[in-house]
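The values are calculated or read from the model by the stated rules, or taken from the named source; none is laboratory data. Worth saying up front: this structure is predicted, and the values here are computed from it rather than measured. Counting neighbours? That spans all protein chains shown, and the Cβs are built from the backbone with ideal geometry, glycine included. Side chains included, ligands, DNA and RNA excluded: accessible areas come from the protein's heavy atoms. Shrake-Rupley method; radii C 1.70, N 1.55, O 1.52, S 1.80 Å.
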Amino acid sequence: MDTPRVGGVSEARLVELVDARWQHAMRNNSGQFGKLQRWYDAYRGVWSGRLASFRNNVNIPFTFAMIQSDVARKVQTSFGQWPIVSFEGYSPEDAARAKKNEVLISAQMKDADSVIKAVDFFLQADICGTGIARYGWKNITRKTRLRRMESVAPGYSVPVVREYDATMFDGPNWEPVDRLDFGQQPGKNHINDMGWVCHRYYADLDDLLEDASSDMPYFDLGAVQRLHANPMSSQTSVEFGVRRVTYRNEYDYQARANERFGKPVEIIEMHGLVPREFAPDGIRHRCIAIGNGRVVLKNREGPMGNTQKPFVSYCPMPDPYNFDGVAKTEVAFGPQQTANRLVNQRLDALDHLIDPMYVASSGANINTQHLFTRSGRIILVDGPADDSSIRPLIPNMNGVQLVPGEVGQQFGFMQLGTGETESLMGGGGGGGGNRETARGFLGRQENAVTRLAMESRIAEEGFIEPLANAFRHMDRMWLSMPHELKILGSLATTNPNTGMPYEAISQTVDYDDLTPDYRARAVGASQMMGRSVRQQNLVQLLQMMSANPALLQLVNWGNFARQAFDLFDFKNVNELLVSTVPAVNQTADQMGMDPMALAGVATTPLEQMSPDILGQLMQTGNSAPLPSLG
């Protein structure tokens, strides 16, 4: 029988290509993967050896605390602000269109559960050295039922259950990728520079059949149906059993394989360039997916349409010669093990001091089964009861006093290597103890934040901004038009460009809004400074501005107050602010203009503003200095 051919190339050759590249990547990663289990155990505090019952086995959560503090800060910095990314127009008339893109992309990131996924992503980056994410378009349409009232006679309605196809999700999406399931081309440090990458994951056969029968199938239906005759090989099962995985989806295959009615399918996707003979249509940048190592599920041009691989990566501490950066668990591993050993030895010595060993005479006729300490206990012996019959063996505890200092030194080494200091993790630390002033503490904290601000900026440049740009590129290809735009958060009532309330109409995004080639800019790195420091800076800024009445008139006080309330943790900001801008209304009334029209003029650059209008604005409102808030 002839070998099946996919796109002019035999299926066996396509399987051989993908498998050869996957095996090549795994051999190159074997050294790195062999270390991940130890680093993961250090983070979790897992002891993999045999534990003696009379020995202490305490793990000091230094590594755990450092990584959790780092992840919490980066997630809050990158995804805790609204909007998540911003778009800026090239000219003043582009501001409204850029704002639509800003709100659309930020809302889609929220819909994709980015905060929850970002926790896994940054955890993987700290544990493994590199975090990897994959993005794509997700469409889930399933049948559902809805009960509604329908009229059956004049003035009489009854509830009727209707069944229809409901869109559960339709938009861009992203997922963190397990480092052990990602195979990159060796010799390249960045995904964009690699000729190809491979991604392995597991799915259920019934889910694949449901997707292949939809209006937007990802895999070919005929190929998925052939998986019935090509189940997962025993070799694949053995490989997964031998592999000691280290991350959240570590038991993904085992859970599917052990499920009574499960139908697990191993899928390996290769994205990137292929040799010319594998591209009969002339497009060398392809996506080839292999199911269970034998069936070609997909062979077509890359999904992004611009020779871009749908993956992004992030290294908090990059290595200029490797794709995998320096993991924070790697830096903390040695000091963590040393600190654990010292603390456990100290606890063992304290056990000997509290419950000492005894040296007893063999002729003292002492029942050793009852020889344990207890308040008020009496031990009876035959003969004289002095040190000649029984005495405790008290060890020398002088060396135990050195342990806290040594443990603190190891902790200092970990802070030096990872950049996670006690002041950032919520502890005191630092010289001076209680004698240190608040300003000194904040200054030391700000110095420590400088290094971590660089890590956050790397995350935004290499992860968040490319992800936002990819979301926008996918919107231009697949988003249904016109698309209703839901404005979230404090932006729901006030236009940040004009300071005026939004009109009572639905905002929509059409083709013209997505045509301009804007670029996303992440806004979180500027928030790395501590909240208390930013609050003090805001108070000082208000005091400085109160001495300049002209400057006061040029500020959009609605947006300024909104950000100030948010900085000081006030909730329900919209209830605290009026829905109009009195200064704008007053000026518009004096000039006989519409407030909305005047707001549009007032938000243009100063060099384009009429001097007469500027003079009216400078004379409008109360120009008295603000009271001091210090």
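Annotations for the structure displayed:
- Residues that are among the aliphatic types (A, V, I, L, M) and more than 29 Å from the chain's Cα centre (by Cα), drawn from segment 274-289: V274, A279, I283
- Residue tally, condition of a type in the set (S, T, Y) and surrounded by fewer than 17 Cβ atoms within 10 Å (Cβ to Cβ), over segment 181-215: 2
- Out of K99, K138, K110, sole residue that is over 30 Å from G325 (Cβ atoms), among the basic types (K, R), at pLDDT 75 or above and more than 11 Å from the chain's Cα centre (by Cα): K99
- Considering residues of segment 63-87 that are surrounded by fewer than 23 Cβ atoms within 10 Å (Cβ to Cβ) and among the aromatic types (F, W, Y) only, the residue farthest from A107 (Cα to Cα): F64
- Reported count of residues in segment 331-345, each being under 15 Å from Y40 (Cβ atoms) and either open to solvent by less than 30 Å² (accessible area, probe 1.4 Å) or outside any helix (DSSP H, G or I) (or both), is 2.
- Flag for S78 being among the hydroxyl-bearing types (S, T, Y), modelled with pLDDT under 85 and within 17 Å of R472 (Cα to Cα): no
- Evaluating G187 against the criteria (1) assigned to a strand (DSSP E or B); (2) at positive phi leaves one unmet condition, (1).
For every residue, the table says whether it meets (1) at pLDDT 80 or above; (2) part of a helix (DSSP H, G or I).
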| position | (1), (2) |
| --- | --- |
| E420 | no, no |
| G429 | no, no |
| G440 | no, yes |
| R444 | no, yes |
| R451 | no, yes |
| N469 | yes, yes |
| R472 | yes, yes |
| D475 | yes, yes |
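- From the options K110, K117, residue that is open to solvent by less than 40 Å² (accessible area, probe 1.4 Å) and not in a strand (DSSP E or B): K117
- Within segment 139-160, residues that are within 30 Å of A212 (Cα to Cα) have Cβ atoms under 6 Å from residues that are of a type in the set (K, R) and open to solvent by 100 Å² or more (accessible area, probe 1.4 Å) in these pairs: L146/R162, counting only partners at least 6 apart in sequence or on another chain.
- Counting residues in segment 90-99 that are open to solvent by 10 Å² or more (accessible area, probe 1.4 Å), of a type in the set (D, E, K, R) and in contact with a helix residue (DSSP H, G or I) (Cβ under 6 Å, 6 or more places away or on another chain) gives one or more.
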